[in-house]
Amino acid sequence: MLDGAMEIRALDPSDDAAVRRFHEILWRAEKEDGRPWNPMWTHDEFAAMVRKPSKERRMVSVAAHDGDEMVGAGFMMLSDLDNLDTAWTFIAVEPERRGRSIGAFVLDGIIAAAGPEGRTQLLGGAGVPFEERDSSPIVAWAVAHGFTVANTEIQRNLELPVAEELLDEIDREVREKSEGYEVRTYVGPLPDELLQSYADLGNLFMLEAPMGDIDVEAGRSTPESLREQDEVIEAMGRTRYSALALKDGVVVAHSDLGTAAGDDEAHQWGTLVHPDHRGHRLGAAVKVANLRSFQREQPSSKRIVTTNAEVNAWMVAINDRLGFAPVAVVPTFKRRL
């Protein structure tokens with residue numbers, strides 16, 4: 001149990017030692033408790049996010065201190081453009097410190113910070129082994145602290161490289177159905193002339209992706225907010241790889257990957273086809289094109305990590321075809337304040 005010296009403090013982004021310790025707690029909580037496949041930011045990525053907020057993604061971080069020692073970490077990821085009632089929440093306690101109510105103490109700190117921000121829906125997620133789907137102590141902890149399981153995703157990893165023969169085969173299958181569309185690939189920021197239609201498509205993502213019992217609204221990204229996000233990506237040391245399908249110069253499908261400098265693991269950020277342009281195998285077309293581009297630019301990368309809603313049959317099918325293998329169940333938790 002907690003002792004009387006425990007207190008919650010806001011994380012000072014300018015304090016290098018505090019930021020490094022905060023990240024250490026996040027890393028160890030995810031990587032050192034029998035779940036090494038969990039994705040987690042590098043220190044440099046995390047530090048940049050804390051220090052360079054944007055309208056699309058701003059982090060509010062709190063830490064539990066036992067005297068002078070930081071023993072627990074938590075943050076809310078907030079958008080100041082849309083879904084202004086929602087906070088994506090993460091709570092971390094190192095394995096050897098669990099069972100002392102530190103996580104509950106951090107959660108109380110997050111709830112206290114959520115009020116002034118006007119956030120009434122807390123969302124969070126955690127990867128658990130398939131065999132612990134119904135018995136995971138992480139899920140039990142979340143339910144005991146007022147969360148419900150609102151959606152279920154599956155983490156899948158793709159070991160690289162993917163054979164060019166397989167990519168060629170899928171390309172041949174989609175070519176006839178995707179006639180009349182142009183597929184382009186980009187490394188880094190997108191050209192100015194594509195930003196508006198890219199933003200318009202991306203703003204549909206939360207409405208089109210299966211979200212279970214989670215209340216969401218359309219995004220409100222703009223070309224200006226996307227350029228601001230490009231600055232954050234650069235500060236984090238990340239590189240974005242994008243494949244876009246265009247019709248008459250308008251972006252109607254996209255697939256994006258991101259990877260950090262020095263990291264051998266890439267992350268699938270999103271794939272979406274506009275509802276008016278489905279049935280042309282554009283999702284497969286952009287995923288294959290982006291995978292080719294990424295393997296050409298990053299030949300030493302070892303894997304790509306993605307999560308998809310369990311009920312997203314189309315995305316599951318194309319990922320299976322490419323060789324993505326299921327790794328873990330990722331329930332999404334929701335709590336109304």
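Work out the FRET efficiency for Asp264 and Asp16 from their Cβ-Cβ distance, taking R0 = 30 Å, and round it to the nearest 0.05.
Computed FRET efficiency for Asp264 and Asp16 comes out at 0.70.
List the longest stretch of the chain that has no exposed loop site; here a site is one of the GluC sites (Glu not before Pro) assigned by DSSP to anything other than H, G, I, E or B, with at most 13 other Cβ within 10 Å.
Free of exposed loop sites, the longest segment is 33-175.
Taking the square root of 5 times each eigenvalue of the Cα gyration tensor, what semi-axes in Å does the equivalent ellipsoid of the stretch 186-337 have, largest first?
22, 21, 18
Defining a contact as two alpha carbons under 8 Å apart and six or more residues distant in sequence, what relative contact order in percent does the stretch 184-337 show?
On the way: 207 pairs, mean separation 32.6, N = 154.
It comes to 21 percent, rounded to a whole number.
Report D for the stretch 23-87 in µm² per second (integer): Stokes-Einstein, Kirkwood Rh on Cα pairs, 37 °C, 0.692 mPa s.
Numbers: Rh = 13.3 Å.
Using the Kirkwood radius from Cα pairs, D works out to 246 µm²/s.
Among Leu272, Leu257, Leu81, which one shows the highest mean-square fluctuation when the chain is modelled as a Gaussian network with alpha-carbon springs under 10 Å?
Leu81
Pull out the extension gain between Glu297 and Glu132, defined as 0.36 nm times the separation in residues minus the alpha carbon to alpha carbon distance; nm, one decimal.
Values: separation 165, 0.36 × 165 = 59.40 nm, distance 3.75 nm.
Full extension of this stretch gives 55.7 nm more.
Report, in whole Å, the centroid distance computed from the Cα atoms of the stretch 50-120 and the stretch 129-208.
26 Å
Using alpha-carbon pairs under 8 Å, 6+ residues apart, how would you state the relative contact order of the chain in percent? Before the final figure, lay out each step's value.
Numbers: 640 pairs, mean separation 75.9, N = 337.
Relative contact order here is 23 percent.
Divide the volume of the convex hull of the Cα atoms of the stretch 1-128 by its number of residues and quote the answer in cubic angstrom per residue.
On the way: hull volume 13.9 nm³, N = 128.
Each residue corresponds to 108 Å³ of Cα convex hull volume.
Using only the alpha-carbon atoms, what does the stretch 132-260 span along each of its principal axes? Please give whole angstrom values in decreasing order.
Principal-axis extents of the Cα atoms in the stretch 132-260, largest first: 52, 39, 30 Å.
Leaving out ligands, DNA and RNA, and with a 1.4 Å probe, what % of the accessible surface on the stretch 1-88 is carbon or sulfur?
Here it works out to 52 percent.
Give me the aspartates and glutamates in straight-line cross-link reach of Lys177: C-alpha distance below 17 Å, same-chain residues under 8 apart excluded.
Cross-link targets: Asp168, Glu169, Asp248, Asp276.
For the stretch 91-173, just list the percent of Cα-Cα distances falling in each 10 Å bin from zero outward, please.
P(r) over the stretch 91-173, rounded to whole percents: 13, 33, 24, 14, 13, 3.
Divide by every residue of the chain the summed helix terms, -39500 (n - 2.57) for each DSSP H run of at least 4, and state the resulting mean residue ellipticity at 222 nm, rounded to the nearest 500 deg cm²/dmol.
Taking each H run of at least 4 residues, the total per residue is -10500 deg cm²/dmol.
For Asp85, project a label point 7 Å along Cα to C-beta. Then give me every residue of the stretch 128-155 with its amide nitrogen under 17 Å of that point.
Of the residues in the stretch 128-155, 148, 150 have backbone N under 17 Å from the label point off Asp85.
Hey, what's the chain come to in accessible area per residue, 1.4 Å probe, Å²?
Here the residues of the chain average 45 Å² of exposed surface.
Under the 0.36 nm per residue contour assumption, what length would be gained going from the current alpha-carbon distance of Glu24 and Glu234 to full extension? Mind showing how you got there, number by number?
Details: separation 210, 0.36 × 210 = 75.60 nm, distance 2.23 nm.
Difference between extended and current length: 73.4 nm.
What number does the chain give for Rg over Rh if you use C-alpha atoms and the Kirkwood radius? Please list the in-between numbers first.
Values: Rg = 20.3 Å, Rh = 21.0 Å.
Expressed as Rg/Rh, it is 0.97.
Could you name the aspartates and glutamates whose alpha carbon sits less than 13 Å from that of Lys55, not counting residues in the same chain fewer than 8 places away?
Leaving aside aspartates and glutamates fewer than 8 places away in the same chain, those within reach of Lys55 are Asp80, Asp82, Glu224, Glu228, Asp230, Glu231.
The values are calculated or read from the model by the stated rules, or taken from the named source; none is laboratory data. Everything numeric in this text was worked out from a predicted model, so none of it was measured. Because the Cβ atoms are built from the backbone with ideal geometry, glycine has one as well, and the counts that use them run over all protein chains shown. What goes into the accessible areas is simple: the full protein's heavy atoms, side chains included, and nothing from ligands, DNA or RNA. Shrake-Rupley method; radii C 1.70, N 1.55, O 1.52, S 1.80 Å.
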